[in-house]
Amino acid sequence: NIINTFNPELILIGGGIVQGREFFEDIMRETAKKRAFESAFNACSIAFSELGPNATLIGAANLVMDEVL
């Protein structure tokens, strides 16, 4: 379980999968809550990127710009 292993403050879900979030968001959160330690789950937020299917492209372009500039 990624929450138990890494104890992140935030899990950000992005890319094309965000378009179908209404089909899996509730079950994903319920499953995470069942499998993670309570304290780790409560300390972790799960959010969805607002960049949509272009999130990966925007992130890659940002990395290139950081290196060039």
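The values are calculated or read from the model by the stated rules, or taken from the named source; none is laboratory data. If you're wondering where the values come from, they're calculated on a predicted model, not measured in any experiment. Using ideal geometry, Cβ is built from the backbone for each residue, glycine included, and neighbour counts are taken over all protein chains shown.
Only one of the numbered conditions (1) surrounded by fewer than 12 Cβ atoms within 10 Å (Cβ to Cβ); (2) over 15 Å from Asn4 (Cα atoms); (3) of a type in the set (Asp, Glu) is not met by Glu25, and that is (1). The residues listed here are Glu50, Glu30; of these, the one that is at pLDDT below 95 and either loosely packed, with under 13 Cβ neighbours inside 10 Å or assigned to a helix (DSSP H, G or I) (or both) is Glu50.
Scan the range 24-42 residue by residue and report those that are within 19 Å of Gly14 (Cβ to Cβ) and either touching a residue at least 60 places away in the same chain (Cβ under 8 Å) or among the aromatic types (Phe, Trp, Tyr) (or both). The answer is Phe24, and nothing else. Within the range 1-24, restricting attention to residues that are in contact with a strand residue (DSSP E or B) (Cβ under 8 Å, 6 or more places away or on another chain) and not aliphatic (A, V, I, L, M), the residue that is nearest to Ala47 (Cα to Cα) is Gly14.
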